[in-house]
Amino acid sequence: MNYKHRKKGGCAPVDIIDEASDDEEVRIRVPRSSQSYHHHTDYSSQAGSTGINPPLPPPEPAFFDTSSLLSGMSGMSFLDPDYTAPAEVAHGVDEGARRARPLGDHPLLVWTSQREAFMAEMLYLEAPVSEIERCHACRTSQGQYRCVSCFDGRMLCARCIVNDHHAMPFHKVEEWTGTYFKRTTLADLGLIIQLGHRLGQKCILPVVVKSFIVIDVDGIHSVQMGFCNCSQSIERQVQLLRSRLWPATTIYPQTAATFCVLHQFQVLSFMSKVSAYEFYHTLARLSDNTGLHTPPDRYDTFLRIMCEWRHLRSLKRFGRGHEPGGIAATKPGELVLCCPACPHPRVNLPPGWMENLGKRWLYRLFLAVDANFRLRRLNVSSEDNDPSLNCGYGYFVEENDFRSFLETYGKIIPAEEKSTCNNHDAVKLANSRGGQGAAATGVGAVVCRRHDMKRPLSVGDLQKGERYINMDYFVLSTLTCDTPPDLVISYDIACQWHKNLFVRIDKYPTDLQPDQREYNILYLVPKFHLPAHILKNADAARYRQVYAALGVVSEVLGKEEWKGGLLALKDGDVRGLDSYNEATSEGQRTLSWIWKTNLQGGEKGLQEALRIEWCKSRARAQRWQEECDLLTEEIHRVQVTFQYYSGVWEGRATRTNLPGAKAYALRQATLWSDLRASAAARWNEVTTSLPAPSVDFDPTMDLDLRGRRP
């Protein structure tokens, strides 16, 4: 439906066009009212239908006055603060510039004209249709109860509403007192959740717990839980698990959480970063938001259940329930979703890749090392009160081995030397960062630099800045997990950290000594730190070397006039033209002699500059060609990785006879296969959309020889 304004600032006669048919359109002319304010429709005397056959117009027809609504929007706190009305509605436009716009462009303004109707319907739901209403199920007793969680909202008697909710025991019900609805529970009406038997079957010897607490997605419930105690009874925690309830304890459990609420919080913690405290107390407020009937406090219980849930879910997803050794045979770093695009020799590299020297660079592993000093952990617990469950199975290093390593080699490895090339906090404060009452002052980690995925056994605590011994342990631990021989390591203090790395490695235990040799590792500094590192180190060292050579030659030749323009380079001379920003004041600023030297390059200098720029362009072209080759290889590795894990799960399905384990393995195999097909389809869309190259380009060709005649 469309409407069209006729005059600036007010509501003109509207052409309402029904576009349901392509062959005809019905126009309804609504006359403009002479009044300048908005009227609500009288719903008690007028039908609310719209469309091709509208009701007859009332004596004083209602109309939609946008100007009056906009004038009062400032006082409407319920309106969306981010909503912005279209310009022609908020300010008006000229007659010639107006065009028909659908009502859907102003949904909030349209809704404000119907607030009374919405309010009336909300109040309508606060009472039954009839004061005396029969039960909609049995038609014999009086219907006094309704379920607010069910869709229909029928009025039922106590017996019928209990019978209807044996499979939905956590729904919320209300009782009609004759004047209003008050909240009650299915447990108060006599519902007993029977475990250990099929739905509808009764246990001949049940054990009923009168006040069993269940944490669910819509609140915290107190129910009557009936455990089976007959001849075919099983342990109580197993009865709860088979009903998708996670018990808080394994000895006479009194509290449980549904699988649904655990899964919901796990996803919410990933996406919204909501804490367990906020989530649990939200559930408590859903149960009672007045404070008159506060549910029992099970916050600590919920934390413990979530730890157990996350741990078992990770073990299940990585196939520990299908392996002969079970959970006890889990290896360090085995519960990690590794980057599928990175090279893994046992997973996604082609046969003979070690012998292919021409493409060896494609199989390098790119790593980035860094620390986060905002992740402080207070010393408020202990290993006995809060034991670790993963024990080095995932991304974090094993805590006991890590602390033993620090105690043993912290005395052997010398203190870190101060950096001379960058004023970086990681080095400057390496031995001064501490924290009274903190168990950890930060976290160090190693990630895949190209795809930003955490490496196995690569995360751990920092006790006093980025000490080399801590970062060494994280890097060396992750290198034990299926890594290729060639590495590229990026670290903001790599210039200082790598100098004596292999000297320190020789002192470490053999299980931390990597297979990579020193010549297989390329160290990089992030681009943010390049000015300090490159300008101050590489160029300065080159200048000093050339200066010393010229000094020797000039003495022999007797030509020393060049020393008047080129001086010996000191550490204080190496600073940029704008380095005065770091000085104390403008009055103390002095330019380095480098910026006051007059050099006469002439035509020869210009040609040299052009050659340099040409070489830079050539390097960029070859670099981007290498990037394309590397991207193609990474996409191929992604598909091979997905196919590899699909085969792993298919093998697990054939090695088990348990129906549940076999079904889960086949589902995981299908999932990995679907991921491979999706990755292939997406890459195919990219390759088919690219234009064909206009010329053939051989990245191995030396570009400065192209075009030369033999």
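Observations on the model:
- Residue match in region 175-188 (condition: hydrophobic (A, V, I, L, M, F, W, C) and under 41 Å from the mean Cα position of the chain (by Cα)): yes
- For region 301-315, the criterion of a residue being of a type in the set (A, V, I, L, M), more than 22 Å from Gly460 (Cα to Cα) and touching a Lys or Arg at 6+ places or on another chain (Cβ under 6 Å) is satisfied by no position.
- Whichever residue in region 281-300 is in contact (Cβ under 8 Å) with a residue 60 or more places away in the chain and in a helix (DSSP H, G or I) and, among such residues, is surrounded by the most Cβ atoms within 10 Å (Cβ to Cβ): Leu283
- Residues of region 612-662 satisfying the condition of being among the acidic types (Asp, Glu) and farther than 28 Å from His322 by Cβ: Glu613, Glu626, Glu627, Asp629, Glu633, Glu634
- Among the conditions (1) within 27 Å of Leu524 (Cα to Cα); (2) exposed (fewer than 15 other Cβ atoms within 10 Å of the Cβ); (3) among the small types (Gly, Ala, Ser), the only one that Ala329 does not satisfy is (1).
- Check on Ile220, surrounded by 21 or more Cβ atoms within 10 Å (Cβ to Cβ), outside any strand (DSSP E or B) and either touching a residue at least 12 places away in the same chain (Cβ under 8 Å) or over 39 Å from the mean Cα position of the chain (by Cα) (or both): no
- Subset of region 324-334 (residues that are over 26 Å from the mean Cα position of the chain (by Cα) and outside any helix (DSSP H, G or I)): Pro324, Gly325, Gly326, Thr330, Lys331
- Answer residue from region 226-261, given it is of a type in the set (Gly, Ala, Ser) and without any contact (Cβ under 8 Å) to a residue 40 or more places away in the chain and is surrounded by the most Cβ atoms within 10 Å (Cβ to Cβ) among those: Gly226
- Any hit, region 306-323, residues being assigned to a helix (DSSP H, G or I) and more than 22 Å from the chain's Cα centre (by Cα): no
- Failed condition for Gln622, given (1) within 21 Å of Phe318 (Cβ to Cβ); (2) touching a residue at least 60 places away in the same chain (Cβ under 8 Å); (3) not β-branched (Val, Ile, Thr): (1)
- Selection within region 630-661 - within 16 Å of Leu349 (Cα to Cα) and aliphatic (A, V, I, L, M): Leu630, Leu631, Ile635, Val638, Val640
- Residues that are touching a Leu at 6+ places or on another chain (Cβ under 8 Å) and part of a strand (DSSP E or B), drawn from region 168-212: Val173
- Selection within region 138-158 - in contact with a strand residue (DSSP E or B) (Cβ under 8 Å, 6 or more places away or on another chain) and modelled with pLDDT under 90: Gly153
- Picking from residues in region 435-452 that are in a loop (DSSP other than H, G, I, E, B) and closer than 21 Å to Asp492 by Cβ, the one that is modelled with the lowest pLDDT is Thr441.
- Top-ranked residue in region 450-488 [being under 26 Å from Leu630 (Cβ atoms) and acidic (Asp, Glu); ranked as surrounded by the most Cβ atoms within 10 Å (Cβ to Cβ)]: Asp486
- Being over 22 Å from Gly219 (Cβ atoms), surrounded by 15 or more Cβ atoms within 10 Å (Cβ to Cβ) and among the small types (Gly, Ala, Ser) is a condition met by at least one residue of region 123-137.
The values are calculated or read from the model by the stated rules, or taken from the named source; none is laboratory data. Because the structure is a prediction, the values reported are computed rather than measured. Positions of Cβ are generated from backbone atoms using ideal geometry, with glycine treated the same way; all protein chains shown enter the neighbour counts.
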